[in-house]
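Accompanying notes for the structure given below.
Bear in mind that the values in this text are calculations on the coordinates, not laboratory data. Note that the structure is a prediction, hence the values are computed from the model and not measured. Note that each Cβ is placed from the backbone with ideal geometry, even for glycine, and that neighbours are counted across all protein chains shown.
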Amino acid sequence: MNFPVYLGVGAFKIHPHIFFEAIAYGVALRLSLRNFRRDVIKPTQRSSIVVGGMVGALIGAKVLVMVQHIDLWWQQRELFLLMLLQGKTVVGALLGALIGVELVKKIIGVKQSTGDAFVYPLILGMAIGRIGCFLTGLRDRTYGVATNLPWGVDFGDGILRHPTQLYEIGFLLLLIVFLKVRSRYSMQPGDLFKFYMISYLSFRLLIDSIKPEFHPFLGLSAIQFACVLALIYYSRSISKLFRFREVSNV
């Protein structure tokens, strides 16, 4: 397999990252809109919250990708500027969106939890997007370090690497199953989103340890350090994630 794996027929070719990212956004948006129909929040308020989340996600994705690759500023400045222009990180987008949503909710006076409607759309969208990351190869910079394991993938530089993009797809599919099972037990509004964030951030904290990134923060990359801070923020809900209590019928 030659990376990037362009998709199409004949002279018509499209980059895999663009193709799968477009599908990911479309699927996530479609599923989110369906969930909004069952929403208890006013449409105008939900629209404001969505805009706040989108703006926060854009800023967060760019800020964290800049910090993540700050080492390139001294080594390959042109590549750093390219990464800043084209790159983004899911963790930064999630945390930026969280901040943006909470700020908007505070401004417009919404106190209810608003994140549960986004959980499954986000998971499916992320899984689809990671297919594009995998097929893009080295330029996407989401691959893992070298490995001797039989499923190592040569992304084009002659080195067998951990296909961390595929690991993440597998994790996200398992996460859907876990959250579906967990939803059968006692949960409060907002718990589903908290459980999703705790699970995904914990996964990224672990999986990013086998990515060849700059690790300036006590041996952690910028993304891992952001995961640690977010997990501290959610610390009160971590033990609750594994507390499988039957739903009361009273």
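In the elastic network of the chain, a GNM with C-alpha springs shorter than 10 Å, the most mobile of S186, S32, S239 is S239. In terms of surrounding Cβ atoms within a 10 Å radius of their Cβ, D140, D154 rank from fewest to most as D154, D140. Using a Gaussian network model of the chain in which every pair of alpha carbons under 10 angstrom is joined by a spring, one finds that among V50, V67, V181 the greatest mean-square fluctuation is at V181.
For R161, the residues whose modelled amide H falls within less than 5 Å of its own, excluding neighbours fewer than 5 places apart on the same chain, are T147, V153, D154, F155. Computed over segment 136-191, relative contact order equals 25 percent, with contacts defined as Cα pairs under 8 Å that lie 6+ residues apart. Note on the chain: dipole from Cβ charges, positive end direction compared against F155, S202, G100; the farthest Cα belongs to G100.
With helices as the sole contributors, the chain gives -20000 deg cm²/dmol at 222 nm; each DSSP H run of n ≥ 4 counts as -39500 (n - 2.57), and the sum is divided by every residue. Springs between alpha-carbon atoms under 10 Å, Gaussian network over the chain: tell me which of R182, R204, R37 tops the mean-square fluctuations. Among R182, R204, R37, the largest mean-square fluctuation in the Gaussian network model of the chain belongs to R37. Computed over every Cα-Cα pair of the chain and binned at 10 Å starting from 0, the pair-distance distribution P(r) comes out as 7, 27, 36, 21, 8, 1, 0 percent. For the chain, the longest principal axis of the C-alpha atoms and the axis of helix 43-68 are separated by about 30°. Taking the C-alpha atoms only, the angle from helix 191-207 to the longest principal axis of the chain is near 20 degrees. Counting only Cβ charges, +1 for Lys and Arg and -1 for Asp and Glu, the dipole size of segment 15-238 around its Cα centre is about 1000 debye. With respect to the chain, whose longest principal axis is taken over its alpha-carbon atoms, helix 222-233 is tilted by about 10°.
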